[in-house]
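Participant: Below are the structure tokens for one structure; questions will follow.
The values are calculated or read from the model by the stated rules, or taken from the named source; none is laboratory data. Just so it is clear, the structure is predicted and the values come from calculations on it, not from any experiment. Cβ atoms come from the backbone with ideal geometry, glycine included; neighbour counts cover every protein chain shown. Protein only, heavy atoms only, side chains kept; ligands, DNA and RNA dropped before computing areas. Shrake-Rupley method; radii C 1.70, N 1.55, O 1.52, S 1.80 Å.
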Protein chains: 4
Amino acid sequence: MTDTAHHPWLGALFGDEALSALWSADAQLAHYRSFEAALAHALEAAGRLPAGQGAAAAAHIATAPLDPAALAAGTARDGLPIPAFVRQLRAGAPRPEAIHTGATSQDVLDTALSLTLRATTELLIARLTTLDAALGALSHDHGAQPLMARTRMQAALPIKVADRIRSWQQPLADHIAALTAGRPRVERLQLGGPVGTRDAFAPDGDAIAAHMADTLGLASGPVWHSDRTAIADYAGRLSLITGSLGKIGQDVTLMAQQSLGDIALAGGGGSSAMAHKSNPILAELLVTLARFNATQLAGMHQALVHEQERSGAAWMLEWMILPQMALATGRALSAASTLCADITRLGGPDPQARP
Amino acid sequence: MTDTAHHPWLGALFGDEALSALWSADAQLAHYRSFEAALAHALEAAGRLPAGQGAAAAAHIATAPLDPAALAAGTARDGLPIPAFVRQLRAGAPRPEAIHTGATSQDVLDTALSLTLRATTELLIARLTTLDAALGALSHDHGAQPLMARTRMQAALPIKVADRIRSWQQPLADHIAALTAGRPRVERLQLGGPVGTRDAFAPDGDAIAAHMADTLGLASGPVWHSDRTAIADYAGRLSLITGSLGKIGQDVTLMAQQSLGDIALAGGGGSSAMAHKSNPILAELLVTLARFNATQLAGMHQALVHEQERSGAAWMLEWMILPQMALATGRALSAASTLCADITRLGGPDPQARP
Amino acid sequence: MTDTAHHPWLGALFGDEALSALWSADAQLAHYRSFEAALAHALEAAGRLPAGQGAAAAAHIATAPLDPAALAAGTARDGLPIPAFVRQLRAGAPRPEAIHTGATSQDVLDTALSLTLRATTELLIARLTTLDAALGALSHDHGAQPLMARTRMQAALPIKVADRIRSWQQPLADHIAALTAGRPRVERLQLGGPVGTRDAFAPDGDAIAAHMADTLGLASGPVWHSDRTAIADYAGRLSLITGSLGKIGQDVTLMAQQSLGDIALAGGGGSSAMAHKSNPILAELLVTLARFNATQLAGMHQALVHEQERSGAAWMLEWMILPQMALATGRALSAASTLCADITRLGGPDPQARP
Amino acid sequence: MTDTAHHPWLGALFGDEALSALWSADAQLAHYRSFEAALAHALEAAGRLPAGQGAAAAAHIATAPLDPAALAAGTARDGLPIPAFVRQLRAGAPRPEAIHTGATSQDVLDTALSLTLRATTELLIARLTTLDAALGALSHDHGAQPLMARTRMQAALPIKVADRIRSWQQPLADHIAALTAGRPRVERLQLGGPVGTRDAFAPDGDAIAAHMADTLGLASGPVWHSDRTAIADYAGRLSLITGSLGKIGQDVTLMAQQSLGDIALAGGGGSSAMAHKSNPILAELLVTLARFNATQLAGMHQALVHEQERSGAAWMLEWMILPQMALATGRALSAASTLCADITRLGGPDPQARP
């Protein structure tokens, strides 16, 4: 149960295959290779490797066999897999010194993170767009129905279903806009070398970075080894998204109360003891995921206190938290869309409550 | 000790008079009046009040005596001060129905928050600019000095003081840019009426909102009663700022270790037991405030689960947390600037350590 | 608004005068004096001061005038008030060296905290007992009424009101027992001297500590300068209490929904826009305070990473958080009891819903 | 990377096989069977099943084939695996009505949690004991060496290594005592039936519960469906433990700074860029795990607001968080013991720093 998303049965509720694939070990390893290959090309382009040797190194990097057990042993020893990864790449390489030279482990791992966040953002935007459309369709179908507005948990005044749905949709466009606008700040190359100065590349550091960024489809810019602002801000956006969906989920659980009867859902969850019950599982899940991400966000912000040129402790805390937040966000979006599809009635008279 | 910022002596460390003034009860009350006056003007402009009666109401609103004890009694009863505030305004008003008509308590309190955040943002931007300049000056004065870069708490390779300071400065420009870009999303009128639909103003709702926003110098736009995204995102920015300063503070505490001797500080704190000690109080405070805001942020994101048309519970949680975060951020910025001014040496040989 | 508990009108909702008094600056200062007086007596009892001089110092300590402005200035400089406090005590003392000798600032502040927590615990236990009785009375009066049990927000099966109330009462006895059992771990003298070794008192350190503990009515035991386990655990209990009350509050807000009509409350909060509404303010407040304390608790646990012999940063974080948690807990208990008294009907047919 | 503990290479750093086994899907499934078997026996003992039929059902339950895919499909539909689990058990059972009758899904899952926590507690106590002994041995070997005490990150006064180690050891005995004392409150049967009243078992509810508790080696007592105090308190203990170890880890990282040279470690982590470095990986990991658990704890306390007779949202939040906290705690303990074994010098002159 330590990983609900990949658990044999809880995974059916908490899991998200598409998100998991983006963050999988295989995907990370491919990103490591991409970084090293881009570096080799850039070193050659900068004239720091003889013509053809960067490309040759890149070709080797792309296909060199890698032993996961050695990566694990290296991680246990070094705290991260890159020293062992580089050793393996260099073993059997035609010119070992064409690989990783001037870079540091954090350059590889942070750039891999950037590539992962790029794919994550694309998927989240697509799902936000899908959900926005689903809510729009619900409003089209049910928007004219009457609904009792409730403030402070009390019946207030009648509104339309469209009013409630508008409050659900409203933040989605903001999320899409913010994710889109934030891409250059998140999808960035990391290249600083051992202490973040690019000194080992001097005087070609910025040119090498620009070349690599271009190859990888990332933004270039200053080194961000110890400036985790953009990562923490991204985590904040993830939690803002799940928070918006948690509001929808909370509303649906309240609407689904029998005496209110503001909504009818197909496919509600069954009970092992009460056959008559139909539980709003996915709506509850949205609340759970919202509170989960809200909780995690504090840890990402604790990790901003990133001492000196590299904090092992703060950085590892990001590893434990950020991927889980991304997965929870993806799952919340897919669950919200499924929930929309399950809605068969919104507002209006409840046939069961008032016969 | 339940309020370190306004405590008779702890306030000297944690307090921030300028920030406290922006969030003071008096300032809030002035914002309440501004909202009601702007509404009265807007109702007249929309033709919903006879000519001159909106202005007359606004004049009354601006100067009507208010009894704080009655506001307190009203808050105890109603959960917020606005019903009692409106009752007091209306008592003695020439036309009571010219006041607050069509609005709801949340409109007043959220708009007051927007006005407060506007002033807060201006002050934070000014302080970020000051701090950025102070760091620039430090880099000018000490940047060429050698410093041992440290990664994972271990000596790595020599860098220059300017490299370390660059990592401190780097996020500040981002914070200024993000605060500035985010102003229209935060400095917004709230006007929705009892259930967020502006129905009581129909068909003039949007015109009234636009007029009010113009009067108050706020952005207009959709009702955000239950969409707290922008508020939580603002809280995130506050914590990103204190996180960046916490990193500076952590670095300074580490540099100030005698055996490292990377920095000399004037005005270090004394000990009641060890006269020889000079403690880096303000640097520690930066770490404290960073961890405080990181902690609080989770609560602001929990408050995103804002059920139905208005959640009393989630909204009150914002009241308990956001003002404290703003104050901590302001204090961190002033403390960071003071800390910069206290620095008398950065990097280079430590005269005391190596005689 | 940065301190809702002491705000001119929000304080009527969030404030708690009895708790505030326990944590007030005056109360803290009295505890500082108590510590120093107990130390003077103990030094004399250990033969480290001539006969009568400890008592003379204690008499001076008890009445010496203290200038709060000087404490503030000292706190700004030293990060805590004790050096300035000791300087003032010593000025004009017949034998300055009879005061504070061998102790350190943390000894004074942590012991003051212990004394404050002792009073806090007594008050919380009294209020828990009161609340338990109020719930018992509610069960006596309304327990036989039918109520629809709800699981996963859905009507499940009929229960009795007594069943629901039992779930509310159940944790209260645990809280009382845990607070009581934990008293020796929390109500402890702190006496370690500058680096926590009591070296300056050798060979009388333990005897002096035992004497002081006896005078102050605290437990003696090992120094806990850097071991904040008991403090963080206490904070956890505070949040467990508010969590239990938050569950009650959440239940009441749900029961109070008109269509459910499971409860009737006197004195509900009014709305500035909807005169017909009666909002369950105190029930919402219980949810707010639960989520507030749950949020804060993470900060208290971050402060467990208390480096070396004394961490300024971690310790100051406790100051910012723990007192607020205590106050929120006290307020939640009083609000819960008031809420019980406001209940006029529980369960049974809702006269308004089914005429 | 969404599960660092079970990641192909990060798992070598973050993983804990023994803990993972306790929380594995297989172990949980075995606990589900144990619950149902114990119930069948108890029903027979209470005379609610003909003689022999409870035992026959239990035998069937112990070996009935179960299809994980069906459990997954059931979880996706019902929000939990138990309805599908019970359906599978009943299919092919000689008397289906002998299985799960009167119980509810939460009874099974919470009792499985109790059984898991029992095993977890035993393992944690064993590891705390091991670590305590390792620290004792370090103190024996190095305790007499001089060490500079540091307060507020500044050199204070000389102490002995034994003084520092004493501060590390001190909370361990408390943790063992608290875990031990808390066992009856955590290792409890859950048996309430659909709405927590045991009504379906009347008048034999308490007798059945007592029989089951006896069979399972758990405490009996009142239903705790909606009272999550003990679970959240247990989570608090986990975070107290990792907090204590995080303090050790932070101290070690500080001691390992070259200029301080207070410690020498074998087996430090290597760098991909700086062959000369030896990074205190495990010490950093202890800080990371402490901050991780401190973060998570807030979520467990948010889950205390467990509405009505069963909150799906709050309960699922526990599932996402508590197992991870247990695993992080186990890993922190094993890492701390490994770290102790890696220490080759503590205190005393640093041969490298002062040649």
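Participant: Could you tell me how many of the residues in the stretch D:215-233 are in contact with a His (Cβ under 7 Å, 6 or more places away or on another chain) and either under 30 Å from D:Arg152 (Cβ atoms) or within 9 Å of chain C (Cβ to nearest Cβ) (or both)?
Facilitator: 3
Participant: I need the full set of residues from the stretch D:215-235 which are outside any loop (DSSP other than H, G, I, E, B) and more than 16 Å from D:Ala119 (Cβ to Cβ), in order please.
Facilitator: D:Thr215, D:Thr229, D:Ala230, D:Ala232, D:Asp233, D:Ala235
Participant: Moving to a separate point now. For the stretch D:234-249, name all the residues that are within 7 Å of chain C (Cβ to nearest Cβ), within 14 Å of D:Leu135 (Cβ to Cβ) and touching a helix residue (DSSP H, G or I) at 6+ places or on another chain (Cβ under 6 Å).
Facilitator: If the condition is that a residue be within 7 Å of chain C (Cβ to nearest Cβ), within 14 Å of D:Leu135 (Cβ to Cβ) and touching a helix residue (DSSP H, G or I) at 6+ places or on another chain (Cβ under 6 Å), then D:Ser244 is the only one that fits.
Participant: Out of curiosity, is C:Val252 out of contact with any Cys (no Cβ under 8 Å at 6 or more places or on another chain), more than 29 Å from B:Glu36 (Cβ to Cβ) and at the interface with chain D (Cβ under 9 Å from one of its Cβ atoms)?
Facilitator: no
Participant: Then there is this: Any chance the stretch B:214-235 includes a residue that's closer than 30 Å to C:Thr75 by Cα and modelled with pLDDT of 95 or more?
Facilitator: Among the residues of the stretch B:214-235, at least one is closer than 30 Å to C:Thr75 by Cα and modelled with pLDDT of 95 or more, which makes the answer yes.
Here's the yes/no breakdown for (1) touching a residue at least 12 places away in the same chain (Cβ under 8 Å); (2) open to solvent by 40 Å² or more (accessible area, probe 1.4 Å):
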| residue | (1), (2) |
| --- | --- |
| D:Asp16 | yes, no |
| D:Asp26 | no, yes |
| D:His60 | yes, no |
| D:Pro68 | yes, yes |
| D:Thr75 | no, no |
| D:Leu80 | yes, no |
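Participant: Turning to a different aspect of this structure: Among the residues of the stretch B:177-187, is any at pLDDT 95 or above, among the aliphatic types (A, V, I, L, M) and touching a Lys or Arg at 6+ places or on another chain (Cβ under 7 Å)?
Facilitator: Yes, the stretch B:177-187 contains a residue that is at pLDDT 95 or above, among the aliphatic types (A, V, I, L, M) and touching a Lys or Arg at 6+ places or on another chain (Cβ under 7 Å).
Participant: Just to verify a result, which residue in the stretch C:182-208, among those that are in a loop (DSSP other than H, G, I, E, B) and of a type in the set (Val, Ile, Thr), is farthest from D:Ala177 (Cα to Cα)?
Facilitator: C:Val195
Participant: Ok, one more. Any idea how many residues of the stretch C:319-332 are more than 11 Å from the chain's Cα centre (by Cα) and open to solvent by 10 Å² or more (accessible area, probe 1.4 Å)?
Facilitator: Residues flagged as more than 11 Å from the chain's Cα centre (by Cα) and open to solvent by 10 Å² or more (accessible area, probe 1.4 Å) within the stretch C:319-332 amount to 2.
Participant: Same structure again: From the list A:Ala341, A:Ala353, A:Ala266, which residue is surrounded by fewer than 24 Cβ atoms within 10 Å (Cβ to Cβ), over 23 Å from the mean Cα position of the chain (by Cα), at pLDDT 95 or above and more than 14 Å from chain B (Cβ to nearest Cβ)?
Facilitator: A:Ala341
Participant: Scan the stretch A:225-253 for residues that are surrounded by fewer than 24 Cβ atoms within 10 Å (Cβ to Cβ) and touching a strand residue (DSSP E or B) at 6+ places or on another chain (Cβ under 8 Å) and report the count.
Facilitator: So the count comes out to 1.
Participant: B:Glu309 fails exactly one of the following numbered conditions: (1) facing chain A (nearest Cβ under 8 Å); (2) closer than 17 Å to C:Ala313 by Cα. What is the number of that condition?
Facilitator: B:Glu309 satisfies all of (1) facing chain A (nearest Cβ under 8 Å); (2) closer than 17 Å to C:Ala313 by Cα except (2).
Participant: Taking the condition of being more than 9 Å from every other protein chain (Cβ to nearest Cβ) and without any contact (Cβ under 8 Å) to a residue 40 or more places away in the chain, how many residues in the stretch C:166-182 meet it?
Facilitator: Residues meeting the conditions: 2.
Participant: Which of the numbered conditions does D:Ala273 fail, given that it passes all the others? Conditions: (1) within 12 Å of chain C (Cβ to nearest Cβ); (2) outside any helix (DSSP H, G or I); (3) buried (at least 24 other Cβ atoms within 10 Å of the Cβ); (4) aliphatic (A, V, I, L, M).
Facilitator: Only one criterion is unmet by D:Ala273, namely (1).
Participant: Being at positive phi and either within 12 Å of another protein chain (Cβ to nearest Cβ) or at pLDDT 95 or above (or both) narrows it down to one of D:Met148, D:Met153, so name that one.
Facilitator: D:Met153
Participant: Could you please give the count of residues in the stretch D:276-295 that are away from chain C (no Cβ under 12 Å), farther than 14 Å from A:Ser105 by Cβ and surrounded by 24 or more Cβ atoms within 10 Å (Cβ to Cβ)?
Facilitator: Residues that pass the stated criteria total 3.
Participant: Continuing with this model, one more query. Tally up the residues in the stretch C:1-11 that are open to solvent by 20 Å² or more (accessible area, probe 1.4 Å) and more than 19 Å from the chain's Cα centre (by Cα), please.
Facilitator: 2
Participant: Residues of the stretch B:112-153 being in a helix (DSSP H, G or I) and basic (Lys, Arg), which ones?
Facilitator: If the condition is that a residue be in a helix (DSSP H, G or I) and basic (Lys, Arg), then B:Arg118, B:Arg127 are the ones that fit.
Participant: List the number of the failed condition for B:Ala30; all other conditions in (1) closer than 19 Å to C:Pro8 by Cβ; (2) at pLDDT below 95 hold.
Facilitator: The failed condition is (2).
Participant: Right, another one. Return yes or no: is C:His211 open to solvent by 10 Å² or more (accessible area, probe 1.4 Å), without any contact (Cβ under 8 Å) to a residue 24 or more places away in the chain and either more than 26 Å from C:Glu284 (Cα to Cα) or part of a helix (DSSP H, G or I) (or both)?
Facilitator: no
Participant: If you don't mind, there's one more thing I want to ask. Which one of the conditions (1) crowded, with 17+ Cβ neighbours inside 10 Å; (2) not in a helix (DSSP H, G or I) does C:Tyr32 fail to meet, given that it meets all the rest?
Facilitator: Tallying (1) crowded, with 17+ Cβ neighbours inside 10 Å; (2) not in a helix (DSSP H, G or I), C:Tyr32 fails exactly one: (2).
Participant: Which of the following residues is without any contact (Cβ under 8 Å) to a residue 40 or more places away in the chain, closer than 18 Å to B:Leu254 by Cβ and touching a helix residue (DSSP H, G or I) at 6+ places or on another chain (Cβ under 9 Å): D:Ala256, D:Ala219?
Facilitator: When all the criteria are applied, what remains is D:Ala256.
Participant: Same structure again: Tell me which of these D:Gly52 doesn't satisfy, since it passes every other one: (1) under 29 Å from the mean Cα position of the chain (by Cα); (2) without any contact (Cβ under 8 Å) to a residue 12 or more places away in the chain; (3) open to solvent by 10 Å² or more (accessible area, probe 1.4 Å).
Facilitator: Checking D:Gly52 against (1) under 29 Å from the mean Cα position of the chain (by Cα); (2) without any contact (Cβ under 8 Å) to a residue 12 or more places away in the chain; (3) open to solvent by 10 Å² or more (accessible area, probe 1.4 Å), the one that fails is (1).
Participant: Follow-up question, since we're still on this one. May I ask you to list the residues in the stretch A:85-97 that are open to solvent by 60 Å² or more (accessible area, probe 1.4 Å) and part of a helix (DSSP H, G or I)?
Facilitator: A:Arg87, A:Arg90, A:Glu97
Participant: Please tell me if B:Ala256 is of a type in the set (Gly, Ala, Ser), closer than 21 Å to B:Arg48 by Cβ and crowded, with 19+ Cβ neighbours inside 10 Å.
Facilitator: It is false that B:Ala256 is of a type in the set (Gly, Ala, Ser), closer than 21 Å to B:Arg48 by Cβ and crowded, with 19+ Cβ neighbours inside 10 Å.
Participant: Considering only residues that are hydrophobic (A, V, I, L, M, F, W, C), touching a Ser or Thr at 6+ places or on another chain (Cβ under 8 Å) and in a helix (DSSP H, G or I), look in the stretch B:60-84 and name the one that is nearest to the other protein chains (Cβ to nearest Cβ).
Facilitator: B:Ile82
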